[in-house]
Amino acid sequence: MLDILRKKARKSNIWRIVLSVAGVVILLAITKFAIFDVITGPTRMDITEDPASYEGKYVTIDAEFFLYDYVEHTTTTKKKYGGSSTSTDGYSYIAFQWVDDYENDASVWYFYSIFLKKDRQNEMNSKIDQAFAYLSDETGSTPPPEPVTVTGVWNKMDYQTEEYFRSSMAELGITESEYDKFYFYELDTKNIGGVNGLLFWVMMAGAVGLLAFAALSAAGLFSDSYSRPIQQYLQKEGSVSMAAIEEDFHQARLIGSGVWVGKRWTIYMQGSKAKILANKDLVWGYYFRRTGRNSVSEMRLFTKERDRFGISLSEDNTQEALRVYEAEQPHMVIGYSAELEKMYNKDFNAFLGLKYHTAARETEF
């Protein structure tokens, strides 16, 4: 018996490992494996290098000047009873910094975009005012604004954002040239790996959970934890021996691929664990099915202690098992009706009087 159950448990654990690892890979792929960049830390960006070399990377930049909040990012939510509401998520800012070209006695200005959440709007408005005050001061008495260190993902602008960027630069009177370089890239501080930052960390937490589950399943391949419920049952029922359970198991009816209905016990696989129920304690059994998102197909068994157990089975396999119970367990009520459920919930003693009490008087449990 234990060899059969061990093989079933190992097969279940292997499937768990495979599915868990697949889930981790899918989560990492959805987020473009950005977690590795996050773990190693952001790359310090050199504004003079080819901007394409940083595309999709997690970077840090010291933004020296902010000129304009040229795009407002909003989310529109439909209301339950009609209409909608719009909220502001943040703004895209035109930012730039310059690098002195001493050989040509000039400076090269690099313009690009940064997205920041709306809670930084006041701070950025102040930075914009400081930038214009510094740039328009011909006396040299106004200090430049302190650079803002920003960390995010360096992404190429989509078509619409690039159009806004170009038109905004034209409004500011700035044209692209050898000394005014336009980078059509945005440093995105909201998303990581192409998804919202909060969602990213939720997904990474899910990936960690799946890895832990895979590790536990791998450990289960080499342990006897699959038989722990049976061992616990034996400790509780001191008069029952493993030999008696094994004898009953080998004479039991195999239902589906993982349920054994014997004369004295029902043993079934639940995940990687072998569960055991004493048939003498069962008072009711029927097939239950629920469709939809949380679909269920199971045999439901109830005990004299009013415990309920759900064993995953198809309808045909459940009906086969119920026929075995009906033939060999006269104390059990078989089948479902609303009247039976009402009696079970409202007058349990009367429910036991349908079959259990009569069978108990005639049979020594």
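The values are calculated or read from the model by the stated rules, or taken from the named source; none is laboratory data. Predicted model only: the values in this text are computed from it and were never measured. Cβ: placed from backbone, ideal geometry, glycine included. Neighbour counts: every protein chain shown. All accessible areas refer to the heavy atoms of the entire protein, side chains included, with ligands and DNA or RNA removed. Shrake-Rupley method; radii C 1.70, N 1.55, O 1.52, S 1.80 Å.
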Looking at segment 26-34, is at least one residue farther than 22 Å from Gly152 by Cα and either surrounded by 12 or more Cβ atoms within 10 Å (Cβ to Cβ) or of a type outside the set (Asp, Glu) (or both)?
yes
Would you call Ala131 more than 36 Å from the chain's Cα centre (by Cα) and crowded, with 16+ Cβ neighbours inside 10 Å?
yes
Condition broken by Asn155, with the remaining ones in (1) at pLDDT below 95; (2) surrounded by 14 or more Cβ atoms within 10 Å (Cβ to Cβ); (3) not in a strand (DSSP E or B) satisfied:
(3)
Taking segment 176-212, which residues are part of a helix (DSSP H, G or I) and surrounded by fewer than 17 Cβ atoms within 10 Å (Cβ to Cβ)?
Gly197, Leu198, Leu199, Trp201, Val202, Ala205, Gly206, Val208, Gly209, Leu211, Ala212
Suppose the filter is hydroxyl-bearing (Ser, Thr, Tyr) and surrounded by 18 or more Cβ atoms within 10 Å (Cβ to Cβ); does Ser168 pass it?
yes
Identify the residue in segment 61-73 that is open to solvent by 10 Å² or more (accessible area, probe 1.4 Å) and within 15 Å of Arg44 (Cα to Cα) and, among all such residues, is nearest to the chain's Cα centre (by Cα).
Asp62
So Arg289, is it open to solvent by 10 Å² or more (accessible area, probe 1.4 Å) and outside any strand (DSSP E or B)
no
Here are the criteria: (1) over 15 Å from Gly262 (Cα atoms); (2) touching a residue at least 40 places away in the same chain (Cβ under 8 Å); (3) of a type in the set (Gly, Ala, Ser); (4) surrounded by 14 or more Cβ atoms within 10 Å (Cβ to Cβ). Tell me which single one Ala321 does not satisfy.
(1)
Is it fair to say Thr303 is among the β-branched types (Val, Ile, Thr) and either farther than 18 Å from Trp260 by Cα or surrounded by fewer than 12 Cβ atoms within 10 Å (Cβ to Cβ) (or both)?
no
